[in-house]
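S.K.: What follows is a structure written as structure tokens; I'll ask about it next.
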């Protein structure tokens, strides 16, 4: 969490399997007649990015063939053939930056966020598949530290910073990331002492529909989720049962399948530290949260709903991937490989990315 060194790289305690494990469970899927059919649970097929020294916490999956990655050493990669090959499309001169989030609209247009104090927090935009980039935002406030970014559509998006003068700061764009404006803070509740966001997966700020957005926090006395129904101008805050009270603990990622049903995952990111109650679920748009009956067994930094499913979702972290088929009430581990972030697409594909250049996609 920024200025106290909590957004730096850490050594994950996962098992790096060279080939994804085949899942031994099954996922219920909705059938057209109102019943259910059984389909294989998702399993990862690892893709070679050719970037073993890069940690990819930023991931934007466009479809089964196209995905963008953003990571350390100012690295941005893009594939258009399902991960068989990757093109290095990093912005020139960005080698000292840490990219932690990427939002992509298609194979040509994408926006990436670099984190850090002061001018290290930046946004770049490309319209030609990464051949050229424009720096569309460079933070000039030494008290700001941007963590995550999310878009409602191809034009409207937000980025969030750790609290500045006691309130989270929200940056807004209405032209696809070409220009950005800091929103007024009067509609933002006061931050708790020590509260901030986690730039762990690009999922501490998420949207659903044209106006709803949620922000995840940790570090304070309570791990909270803040919600806005007007694209970030006014917010309400709700406490979650995910443990906090320490700079390393809180909600690290959110996933909403619609404006009502959401998941929160997190825990304590320090290797070897227990993470009880590391997941929570909401069915009222984030106003209230209840703990998972059987949460993931350890800290998780990313989450995503499976395509075309009302109850199935994935959570990932340094020690594995977990699956829920009941809307987040119970989770079971599918894989022990290390991933930081996960994203799924409308054409029934999910992608995951993490340390040591590690990237994978689900296979049919």
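S.K.: Using alpha carbon centroids, what distance separates the stretch 347-364 and the stretch 169-199, in Å?
M.R.: Their Cα centres are 29 Å away from one another.
S.K.: Ranked highest first by the average count of other Cβ atoms within 10 Å around their residues, in what order do 97-107, 323-333 fall?
M.R.: Details: 97-107: 23.0, 323-333: 19.9.
Top to bottom by mean Cβ count within 10 Å: 97-107, 323-333.
S.K.: Which value does Rg/Rh take for the stretch 194-273 over its C-alpha atoms, Rh per Kirkwood?
M.R.: On the way: Rg = 12.2 Å, Rh = 12.6 Å.
Ratio of gyration radius to Kirkwood radius for the stretch 194-273: 0.97.
S.K.: Could you please tell me the mean projected area of the C-alpha convex hull for the stretch 145-211, averaged over all directions and given in square nanometres to one decimal? Walk me through the numbers on the way to the answer.
M.R.: Values: hull surface 18.9 nm².
About 4.7 nm², averaged over all directions.
S.K.: I need the shape label for the stretch 257-303. Rule: rounded when a/c is under 1.5, else prolate if a/b > b/c, else oblate, with a, b, c from the alpha carbon gyration tensor.
M.R.: Values: a/c = 2.98, a/b = 2.19, b/c = 1.36.
Verdict is prolate for the stretch 257-303.
S.K.: Run through all the Cα pairs of the stretch 60-154 and give the fraction in each 10 Å bin from 0, expressed as whole percent.
M.R.: 18, 52, 26, 4, 0
S.K.: Under the √(5λ) rule applied to the eigenvalues of the Cα gyration tensor, what semi-axes describe the equivalent ellipsoid of the stretch 310-364? Give them in Å, descending.
M.R.: Details: eigenvalues 68, 43, 13 Å².
Over the Cα atoms of the stretch 310-364, the ellipsoid semi-axes are 18, 15, 8 Å.
S.K.: Would you please state the base-10 log of I(q)/I(0) at q = 0.13, 0.19, 0.23 1/Å for the stretch 239-364, with intensities from the Debye formula using one equal scatterer on every alpha carbon?
M.R.: So the normalised log intensities are -0.45, -0.98, -1.40.
S.K.: Can you tell me the relative contact order of the stretch 47-362? Whole percent, Cα pairs under 8 Å, sequence separation 6 or more. Present the calculation step by step, with values, prior to reporting the outcome.
M.R.: Numbers: 1045 pairs, mean separation 43.1, N = 316.
With pairs under 8 Å counted, the relative contact order is 14 percent.
S.K.: Starting at 0 and stepping by 20 Å, how many percent of the alpha carbon pairs of the stretch 47-362 end up in each bin?
M.R.: That works out to 38, 60, 2, in percent per bin.
We did not get these values from a lab; they are worked out from the coordinates using the rules stated. Remember, predicted model here, so these are calculated numbers, not experimental data. Methodologically, a virtual Cβ is constructed for each residue, glycine included, from the backbone with ideal geometry; neighbour enumeration extends over all protein chains shown.
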